[in-house]
């Protein structure tokens, strides 16, 4: 099978090329499907390992670990609660008590009632300067 990949030209490939293109496309779709399944499995495994690593680092108050490829950092970030339709409905009813004249104060009211959540994550920080720097840190 040839690696026929149509370019962005205005002329379409000949109709006789269609079966070969379809076979190539279907083969690629199957490969993508297999790769996506493998990716999903690896992401699940990575998430599970990350959770265990984070628990160990948190329980032992470890903020960072030097590894051969850089530094694994326990990163904490904060995320505000989403402004969903249920959030808006609840707070609009509480705030306005049916009075729509106070619309200007709505934004300030909603911002003060948004909850903030902490998210824990790991990040590999690769030092600048290439592998020479990494070998010195290990």
Checking residue 112 against (1) within 29 Å of residue 52 (Cβ to Cβ); (2) at pLDDT 75 or above, the condition it does not meet: (1)
Enumeration of residues in segment 51-62 that are touching a strand residue (DSSP E or B) at 6+ places or on another chain (Cβ under 7 Å) and either more than 14 Å from residue 76 (Cβ to Cβ) or loosely packed, with under 11 Cβ neighbours inside 10 Å (or both): 53
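Every residue in segment 66-91 that is under 23 Å from the mean Cα position of the chain (by Cα) and free of Cβ contacts under 8 Å to residues at least 24 places away in the same chain, please. Step through it out loud before you land on a result.
In the first step, residues of segment 66-91 are kept if they are under 23 Å from the mean Cα position of the chain (by Cα); the result is 69-84.
Hits for segment 66-91 are 82, 84.
Can you find a residue in segment 32-41 that is in a helix (DSSP H, G or I) and touching a strand residue (DSSP E or B) at 6+ places or on another chain (Cβ under 7 Å)?
Taking segment 32-41 as the starting set, the residues that turn out to be in a helix (DSSP H, G or I) are 32-41.
Those left that are additionally touching a strand residue (DSSP E or B) at 6+ places or on another chain (Cβ under 7 Å): none.
Looking for residues that are in a helix (DSSP H, G or I) and touching a strand residue (DSSP E or B) at 6+ places or on another chain (Cβ under 7 Å), one finds none in segment 32-41, hence no.
Residue by residue, here is whether (1) over 21 Å from residue 46 (Cβ atoms); (2) at pLDDT 80 or above; (3) not assigned by TED's automatic domain parsing to the domain that holds residue 47 holds:
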residue	(1), (2), (3)
68	no, yes, yes
97	yes, no, yes
116	yes, yes, yes
126	no, yes, yes
Of all residues making up segment 48-65, the number that are assigned to a loop (DSSP other than H, G, I, E, B) and either under 24 Å from residue 129 (Cβ atoms) or touching a residue at least 24 places away in the same chain (Cβ under 8 Å) (or both): 1
Enumeration of residues in segment 1-20 that are modelled with pLDDT of 90 or more and either surrounded by 10 or more Cβ atoms within 10 Å (Cβ to Cβ) or on the phi > 0 side of the Ramachandran plot (or both): 17, 20
Breaking point among (1) at pLDDT 75 or above; (2) part of a helix (DSSP H, G or I); (3) touching a helix residue (DSSP H, G or I) at 6+ places or on another chain (Cβ under 8 Å), for residue 91: (1)
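The values are calculated or read from the model by the stated rules, or taken from the named source; none is laboratory data. Note that the structure is a prediction, hence the values are computed from the model and not measured. Cβ atoms come from the backbone with ideal geometry, glycine included; neighbour counts cover every protein chain shown.
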